[in-house]
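The structure appears below as structure tokens.
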Amino acid sequence: MRFNFISVWGGFWSKMGSNLFYPQETGRISDRLYAIRDRDINLFLYTDGQSTLCIDAGYINNAYLKSDFEQVGIDPASITHLFLTHTDMDHAGGVDKDSKTNWFQQAKVFMGRDEKCMIDRSTARRFIFSNPVEISRACSLLDDGEVIHVGTVTVQAIATPGHTPGHMAYLIDDEILCSGDALVLKDGNIEPFYRTWNMDHESAKRSVRKLAVLENISVLCTAHTKCSHNFESAMNAWRG
Ligand SMILES: [Zn+2]
């Protein structure tokens with residue numbers, strides 16, 4: 001893997017920060033929703049039995065996820081749509097051009113339009129250091145509010161900048177919210193993602209407020225801090 005300050009920095013914190021990162025164990029979350037744990041982060045799979053979509057790709061060279069896909073009974077080759085919340089190495093490393101493992105070969109890849117500047121390196125992730133992930137395959141760029149149909153399933157992209165400029169949360173079938181790194185769950189309450197990793201913390205707070213107006217969310221899936229079936233109460237502090 002390319003040696004980069006950002007990857008060392010992220011790797012250090014992901015090893016040291018178990019009080020900051022506590023992902024869901026691999027398994028079923030609800031009817032059609034499954035979590036896959038890749039070290040300190042979750043990928044989420046959603047299937048209508050015919051088509052399967054995945055939120056985020058995990059780390060580079062994540063061949064070790066084979067047993068996790070087997071455990072939830074989903075063949076990664078059946079994933080038709082991969083939605084990236086953003087392009088940090090723990091979310092998009094799985095589709096890095098140099099990854100020896102690519103579970104998403106068959107999938108069409110989507111990400112936020114404003115995330116392009118992270119991948120083409122016109123914007124630095126931190127100080128002068130660029131994002132370590134390089135994606136050479138075609139990506140469809142999504143705008144805020146855009147809806148993609150995956151078989152009978154709908155996925156709405158919700159622009160939630162702050163952590164990165166093009167960060168997207170995804171709303172599946174109007175009831176499952178995959179927030180990526182727009183927020184964390186701390187003792188059952190929602191907070192913006194940790195300031196240290198946010199490129200624009202004020203904008204990250206505005207994104208949390210934007211998500212707070214969503215109604216009838218049955219499951220909130222965060223990337224690093226588990227899931228919640230109590231979105232309404234978890235968002236209490238951010239309404240009004
Ligand atoms: Zn992350």
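Every number in this text was worked out from the coordinates using simple rules, so none of it is lab data. All figures in this text were calculated on a predicted structure; none of them were measured in a lab. Glycine also receives a Cβ, built like all others from the backbone with ideal geometry; neighbour counts cover every protein chain displayed.
General remarks:
- Dipole of region 21-238 computed with +1 at Lys/Arg Cβ and -1 at Asp/Glu Cβ about the Cα centre; of THR123, GLN71, ASN102, farthest Cα towards the positive end is THR123.
- For LYS66, a cut-off of 15 angstrom between C-alpha atoms picks up these aspartates and glutamates, skipping any fewer than 8 places away in its own chain: GLU25, ASP38, ASP75.
- Rounded to the nearest whole Hz, the Karplus-based 3J(HN,Hα) values (6.51 cos²θ - 1.76 cosθ + 1.60, θ = phi - 60°) of region 186-197 follow the sequence 10, 6, x, 10, 8, 9, x, 4, 3, 3, 3, 9, with x at glycine and proline.
- Calculated mean residue ellipticity at 222 nm for the chain: -4500 deg cm²/dmol, from DSSP H runs with n ≥ 4 weighted as -39500 (n - 2.57), summed, divided by the residue count and rounded to 500.
- Gyration tensor (alpha-carbon) shape descriptor, region 21-238, a/c threshold 1.5: rounded
- Each of PHE231, ASN61, VAL208 was scored by the projection of its Cα onto the charge dipole of the chain, and the greatest displacement toward the positive side belongs to ASN61; charges sit on the C-beta of Lys, Arg, Asp and Glu.
- Ordering of 167-174, 215-222, 65-72 by burial proxy (mean other Cβ atoms within 10 Å per residue, highest first): 167-174, 215-222, 65-72
- Karplus 3J(HN,Hα) series, Hz, for region 33-46 with 6.51 cos²θ - 1.76 cosθ + 1.60 (x for Gly, Pro): 10, 10, 9, 10, 8, 10, 6, 9, 9, 10, 9, 10, 10, 9
- Gap separating the Cα centres of region 163-202 and region 134-159, nearest whole Å: 17 Å
- Taking 0.36 nm per residue of sequence separation and removing the Cα-Cα distance, the ASP48/SER233 pair yields an extension gain of 63.8 nm.
- Available extension along the chain between ASP173 and VAL8 is 55.7 nm, counting 0.36 nm per residue and deducting the alpha carbon span.
- Estimated FRET transfer efficiency when R0 is 45 angstrom, pair ARG28-PHE129 (beta carbons, to 0.05): 0.75
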